[in-house]
């Protein structure tokens, strides 16, 4: 039986896209070549992994089990390679970093130029996705490291916090709360708050703050991004909670938007890195974490001061 790692990668690509053409494109090979490799894998295993017709691609029940095992196998292989490379000069090999949409656009543009200057040989591969997908890709070995908002359930993964990021209240300029200099728990009570749609961890953090302060979600309207959320607030749809790092990009564009800070104790979310406990690159991760930490803290401090 001659099963190759390449065949397992092609199988996973088909499972992720449910499309042979897209899978072949992602793997940088022709579709006939990919199909031939999948067929060879099925023949070697003596089972059908994928159901094919002109309309759609379906993974068989046994195929799903094989694919799950294949993900772990490739993850182990990646960790083997990481261990072998651990004695190389740090941060010179490609590193895949996942980041959520409510963090990446607001801090990475300020940090990546400095990172490139300090570690010019580092090839950073970025993936922006929701938290649950990044955690899944971490466990499957598709990512080396992820920058997320905590606390979240990370199971058997490891994490290290780098900063506490305060929330602020964004509101239309003519909103009654705009007359106040700071927001307290009592002033937010019973307010209707706009939130992001399901799937964003920021939604869960904001819901927690709302529950603590007696505010309620405005269920009729949900946004898919912080940019849309901020525009809705500026146009009078309600108030919302924003992480302070987002203000430079989102708040300065809105003339009809007011920002108010909370009176202590200030609600916040914690930013941190997450990685596999078994990774052979943990020394490199620590170097990267130590690089990010003061820069993220500086961004938070500056935004907190300027708005």
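The values are calculated or read from the model by the stated rules, or taken from the named source; none is laboratory data. All figures in this text were calculated on a predicted structure; none of them were measured in a lab. Counting neighbours? That spans all protein chains shown, and the Cβs are built from the backbone with ideal geometry, glycine included.
From the list 189, 215, 234, the lone residue that is assigned by TED's automatic domain parsing to the domain that holds residue 168, over 25 Å from the mean Cα position of the chain (by Cα) and surrounded by 21 or more Cβ atoms within 10 Å (Cβ to Cβ) is 215. Of 25, 42, 51, all but one fail to be within 31 Å of the chain's Cα centre (by Cα) and either surrounded by fewer than 19 Cβ atoms within 10 Å (Cβ to Cβ) or modelled with pLDDT under 90 (or both); the exception is 25.
Yes/no per residue for (1) in contact with a strand residue (DSSP E or B) (Cβ under 8 Å, 6 or more places away or on another chain); (2) surrounded by 15 or more Cβ atoms within 10 Å (Cβ to Cβ); (3) more than 26 Å from residue 298 (Cα to Cα):
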site	(1), (2), (3)
173	yes, no, yes
207	yes, yes, yes
223	yes, yes, yes
246	no, yes, no
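Residue under question is residue 202, and the condition is that it be surrounded by 15 or more Cβ atoms within 10 Å (Cβ to Cβ) and at pLDDT 90 or above; does it hold? So residue 202 fails the test.
With (1) surrounded by fewer than 17 Cβ atoms within 10 Å (Cβ to Cβ); (2) within 18 Å of the chain's Cα centre (by Cα); (3) part of a helix (DSSP H, G or I) as the list, and residue 177 as the residue in question, which single condition is left unmet? (2) is the only condition that residue 177 fails. Pull up the range 5-46, narrow it to residues that are free of Cβ contacts under 8 Å to residues at least 24 places away in the same chain and not in a helix (DSSP H, G or I), then point me to the one that is nearest to residue 142 (Cα to Cα). For the range 5-46, the residue satisfying everything is 28. Regarding residue 288, is this residue modelled with pLDDT of 90 or more, surrounded by 21 or more Cβ atoms within 10 Å (Cβ to Cβ) and at negative phi? The answer is yes for residue 288. Pairs only if they're at least six apart or on different chains, beta carbon under 7 angstrom, first in the range 270-282 and more than 20 Å from residue 167 (Cα to Cα), second at pLDDT below 90 and in a loop (DSSP other than H, G, I, E, B); list them, first residue then second. Listed pairs, sorted by first residue: 277/156; 280/86; 281/86.
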